[in-house]
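Have a look at the structure below before the remarks.
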Amino acid sequence: GSKILSKTFNQHGWDTVTIDNNPDLKADICDNVYNYLSDESIKSICNGKIPEVIWASPDCQTYSVAAITKHRYQTIEGHLKPKTEYGKFCDEGNTKLVNYFKHYNGLYFIENKKLSLENISIQVSTR
């Protein structure tokens, strides 16, 4: 969304596409990245190709230290479960993201806060 990484990739000869749901960031596509987690949808925005690299920065607002108690509660097992609809939305989207990458053959990075994906209980499918 912010195009910080894409500018560097562009300077080194890579084609890039940015997606962010915040219109102020002026991404190439203003939408939720969770809507682009299939090969077909990715090809539709990448000239019919699957990218060699994907850098994902999923929505982590419900996992931040400042908002964690508003959106989550801790189970006896230590997992952080959503208690708001937005928390559920983020968990569902991040589950889709992680599951997509299980089947993706390129290089990928998932940028997240310390409390983000490592402490939530998401359902990950295996190959």
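The values are calculated or read from the model by the stated rules, or taken from the named source; none is laboratory data. Remember, it's a predicted structure, so these values are computed and weren't measured experimentally. A quick note on method: Cβ atoms are made from the backbone with ideal geometry, for glycine too, and the neighbour counts reach across all protein chains shown. Ligands, DNA and RNA are excluded from the accessible area calculation, which covers all protein heavy atoms including side chains. Shrake-Rupley method; radii C 1.70, N 1.55, O 1.52, S 1.80 Å.
The aspartates and glutamates within cross-link reach of Lys70, meaning a Cα-to-Cα straight distance under 16 Å and a gap of 8 or more places when in the same chain, are Asp59, Glu85, Asp91.
Within 10 Å of each candidate Cβ there may be at most 12 other Cβ atoms; applying that plus a DSSP loop requirement, which trypsin sites (Lys or Arg not before Pro) in the range 1-93 survive? Intermediate results must be reported in sequence, preceding the final value.
Working: sites: Lys3, Lys7, Lys26, Lys43, Lys49, Lys70, Arg72, Lys83, Lys88; in loops: Lys3, Lys26, Lys49, Lys83.
Qualifying residues, ordered by number: Lys26, Lys49.
Taking the charge dipole of the chain about its Cα centre, with +1 at Lys and Arg Cβ atoms and -1 at Asp and Glu Cβ atoms, the residue from Tyr63, Thr16, Val33 reaching farthest to the positive side is Tyr63.
Provide the gained length on full extension for the span Ser41 to Glu85, in nm with one decimal, where the gain is 0.36 nm per separating residue minus the Cα-Cα distance.
Result for the pair: 13.3 nm of gain on full extension.
Let a ≥ b ≥ c be the square roots of the eigenvalues of the Cα gyration tensor of the range 47-102; is it rounded (a/c under 1.5), or, if not, prolate (a/b larger than b/c) or oblate? The shape class here is prolate. Taking all protein chains as they are arranged and a probe of 1.4 Å, the heavy atoms of Asp24 leave approximately 130 Å² accessible to solvent.
Of the solvent-accessible surface of the range 38-82, computed with a 1.4 Å probe over protein heavy atoms with every protein chain present, carbon and sulfur atoms account for 53 percent. Around the amide H of Arg72, modelled in the peptide plane, lie the amide H atoms of Lys83, all under 5 Å away and 5 or more residues distant in sequence or on another chain. Angle of helix 85-103 to the longest C-alpha principal axis of the chain, folded into 0 to 90 degrees and rounded to 10: 50°. Solvent exposure of the chain amounts to 66 Å² per residue of accessible area, where only protein heavy atoms count and the probe is 1.4 Å.
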